[in-house]
Amino acid sequence: MIQAVKGMNDVRPGAAEAFLDSAVWDYVTSRAAEVLNGYAYRQVRLPLLEETALFARGIGEDTDIVSKEMYSLTDRGDRSLTLRPEGTAGAVRAYVEHALGKTDAVQRWWYLGPMFRAEAPQKGRYRQFYQVGAELFGVAAPQADAEMLVMLNALCRHLEVTDVSVRVNCLGDAESRERYRAVLQEYLRGRASELCETCQRRFATNPLRVLDCKRATCRAVVTAAPDILASLSEASRVHFDLVQQLATAAGVSFVRDPHLVRGLDYYTGTIFELATAALGAQDAIVGGGRYDDLVAELGGPPTPAVGFAAGIERLALLVAKRVEHKDLAWWSGPHLYLAPMAGAEARAMALADEVRRLGPWRVEVDVSGGRVKNQMRRADKVGALAAIVLGEDELAKGAAMLKNLRSLAKGDDSQVQIALKGGELVAALAQLARER
Ligand code: HAM
């Protein structure tokens with residue numbers, strides 16, 4: 001039997017692991033889309049495969065992603081291509097390629113789709129995972145950074161995801177980072193022997209990466225590292241102060257983490273991460289920040305930008321913890337199940353269409369042609385809210401019994417006679433939905 005590639009999931013209806021249930025995914029992705037559309041971001045759909053050089057230059061050769069996690073291949077034309085490990089580099093590539101700076105430099109984009117990283121799979125960490133992300137191009141003002149934090153706050157609220165901690169930090173402009181680099185190197189030099197092998201190498205080339213190392217020994221060294229705030233230029237400090245003021249005024253709670261650096265090299269200025277204790281080791285649900293140099297580095301005009309990405313699997317894990325399986329059926333199962341006996345099939349299909357036209361009701365018509373008993377068994381199995389058996393009698397009378405399957409499941413045989421008209425059915429379904 002051929003199985004799915006390790007670390008790659010099948011999201012499907014009725015998955016045993018609730019976080020892989022497509023009902024949970026529909027909930028998370030449609031709520032995220034509502035929030036992002038509400039902030040006037042527009043969806044882009046970008047390629048999954050890009051030239052390897054885009055990520056090597058964009059994310060940085062020294063990062064874990066580029067140095068050890070990329071799925072790269074050589075195509076028939078001998079080009080080195082890579083399955084995107086994240087969405088920002090591709091978004092910038094598209095922004096530059098279509099010369100959007102010339103038409104309207106300010107662009108608000110969002111995206112949703114799979115990303116690929118060859119990490120060791122574990123709960124919350126996969127090799128194909130989904131991100132929903134947003135990028136705002138063309139605004140240097142701190143209001144743009146604050147908009148990201150406010151939007152993320154709204155996203156958590158809309159998903160009813162609680163117990164989220166927001167950490168922010170500022171990497172400053174090039175001058176600030178250069179100054180901090182020297183200060184940090186000086187500090188790390190004194191404790192170089194305590195660092196892991198990778199960090200001993202990084203400390204010379206890219207000392208900020210050491211702050212991001214997950215090893216306990218390196219973390220211990222980092223705890224006492226100097227705070228970047230002291231190295232910030234006046235302009236960076238003023239910018240970062242304003243971001244924090246605006247976010248606070250908008251009701252966002254956050255803490256400043258002096259050692260937050262993020263695992264990608266393109267960041268400048270404000271950076272942030274959202275995490276939750278409810279997820280264990282893979283606790284980061286969102287990461288993002290400013291990357292004012294990337295558009296120019298990838299060949300475009302100097303263009304400030306800021307963005308974030310959230311992991312869908314991790315959001316789905318949080319949502320799945322909250323809902324019970326019977327609720328999942330409510331999210332995804334049919335509201336109405338029509339079970340036609342021989343001769344009533346055409347009327348059942350027409351009636352189902354009438355109901356569907358009247359609102360967002362999900363109606364399943366049993367098309368098995370089987371016995372009523374089996375049809376009703378299936379109605380139960382798919383978690384339908386109500387069911388109607390349609391036979392000759394019902395067609396003649398123009399009325400049938402509407403069975404409330406939720407109360408039936410509790411042993412309470414509740415059914416009402418109802419006229420076979422779309423309007424009446426919808427009113428009855430709405431009533432059942434309220435009582436559920
Ligand atoms: P990132 O921090 O690498 O940032 O990823 C963002 C989120 O994607 C993480 O917080 C996590 O929820 C999820 N994620 C990352 N790797 C995995 C994995 N292996 N399995 C499951 N979920 C994962 C970025 O990707 C940046 N492009 C964010 C950004 C956008 N910055 C500016 N604009």
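Odds and ends about this structure:
- Filter pass, A15 being assigned to a loop (DSSP other than H, G, I, E, B), open to solvent by less than 20 Å² (accessible area, probe 1.4 Å) and at pLDDT below 95: yes
- Taken together, E160, E175 contain a single residue that is open to solvent by 40 Å² or more (accessible area, probe 1.4 Å), within 16 Å of the chain's Cα centre (by Cα) and more than 10 Å from the ligand (Cβ to nearest atom), which is E160.
- Exclusive hit being of a type in the set (G, A, S) and under 14 Å from the mean Cα position of the chain (by Cα), set A134, A141, A146, A118: A134
- Subset tally (residues that are in a loop (DSSP other than H, G, I, E, B) and either in contact (Cβ under 8 Å) with a residue 24 or more places away in the chain or of a type in the set (D, E, K, R) (or both)) for region 339-362: 8
- Only listed residue being over 39 Å from the mean Cα position of the chain (by Cα) and either surrounded by fewer than 12 Cβ atoms within 10 Å (Cβ to Cβ) or on the phi > 0 side of the Ramachandran plot (or both), chosen from A399, A346: A346
- Filtered by the rule that a residue be in a helix (DSSP H, G or I) and either within 12 Å of the ligand (Cβ to nearest atom) or more than 30 Å from V106 (Cα to Cα) (or both), region 37-65 gives F55, G58, I59, D64, I65.
Results for (1) within 30 Å of Y39 (Cα to Cα); (2) at pLDDT 95 or above; (3) touching a strand residue (DSSP E or B) at 6+ places or on another chain (Cβ under 7 Å), shown as yes or no for each residue.
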position: T63; (1), (2), (3): no, no, no
position: T74; (1), (2), (3): no, yes, yes
position: D78; (1), (2), (3): no, yes, no
position: R93; (1), (2), (3): yes, yes, yes
position: E97; (1), (2), (3): yes, yes, no
position: K102; (1), (2), (3): yes, no, no
position: W109; (1), (2), (3): yes, yes, yes
position: A120; (1), (2), (3): no, yes, no
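Matching residues to (1) open to solvent by 10 Å² or more (accessible area, probe 1.4 Å); (2) assigned to a loop (DSSP other than H, G, I, E, B); (3) within 16 Å of the ligand (Cβ to nearest atom); (4) not assigned by TED's automatic domain parsing to the domain that holds V139:
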position: D241; (1), (2), (3), (4): yes, no, no, no
position: T248; (1), (2), (3), (4): yes, no, no, no
position: H259; (1), (2), (3), (4): yes, yes, yes, no
position: G263; (1), (2), (3), (4): yes, yes, yes, no
position: Y267; (1), (2), (3), (4): yes, yes, yes, no
position: E273; (1), (2), (3), (4): yes, no, yes, no
position: G288; (1), (2), (3), (4): no, no, yes, no
position: P301; (1), (2), (3), (4): yes, yes, no, no
position: L315; (1), (2), (3), (4): no, no, yes, no
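- If you go through region 317-338 and keep only what is within 16 Å of the ligand (Cβ to nearest atom) and either open to solvent by less than 50 Å² (accessible area, probe 1.4 Å) or assigned to a loop (DSSP other than H, G, I, E, B) (or both), you end up with L317, L318, V319, A320.
- Within region 115-130, the set of residues being open to solvent by less than 20 Å² (accessible area, probe 1.4 Å) and within 21 Å of L318 (Cα to Cα) comprises M115, G124.
- Contact map, region 119-133: first residue within 7 Å of the ligand (Cβ to nearest atom), second residue open to solvent by less than 40 Å² (accessible area, probe 1.4 Å) and modelled with pLDDT under 95, Cβ cut-off under 7 Å, separation 6 or more or different chains; pairs are G124/L279; G124/Q282; R125/Q282.
- Residue identified as near the ligand (Cβ under 7 Å from one of its atoms), open to solvent by less than 10 Å² (accessible area, probe 1.4 Å), at pLDDT 95 or above and of a type in the set (G, A, S) among A310, A284: A310
- Remark: pairs (first residue in region 34-45, assigned by TED's automatic domain parsing to the domain that holds L155 and of a type in the set (F, W, Y); second residue outside any loop (DSSP other than H, G, I, E, B) and open to solvent by 30 Å² or more (accessible area, probe 1.4 Å); Cβ separation under 6 Å; 6+ apart in sequence or on different chains) = Y41/R108.
- Matching option when the condition is in contact (Cβ under 8 Å) with a residue 40 or more places away in the chain and out of contact with any strand residue (DSSP E or B) (no Cβ under 8 Å at 6 or more places or on another chain), among G411, G370, G383: G383
- Among residues that are over 15 Å from D145 (Cβ atoms) and at pLDDT 95 or above, S236 is not included.
The values are calculated or read from the model by the stated rules, or taken from the named source; none is laboratory data. Keep in mind it's a predicted model, so treat the numbers as computed, not measured. Positions of Cβ are generated from backbone atoms using ideal geometry, with glycine treated the same way; all protein chains shown enter the neighbour counts. Side chains are part of the model used for accessible areas, which takes the heavy atoms of the whole protein and leaves out ligands, DNA and RNA. Shrake-Rupley method; radii C 1.70, N 1.55, O 1.52, S 1.80 Å.
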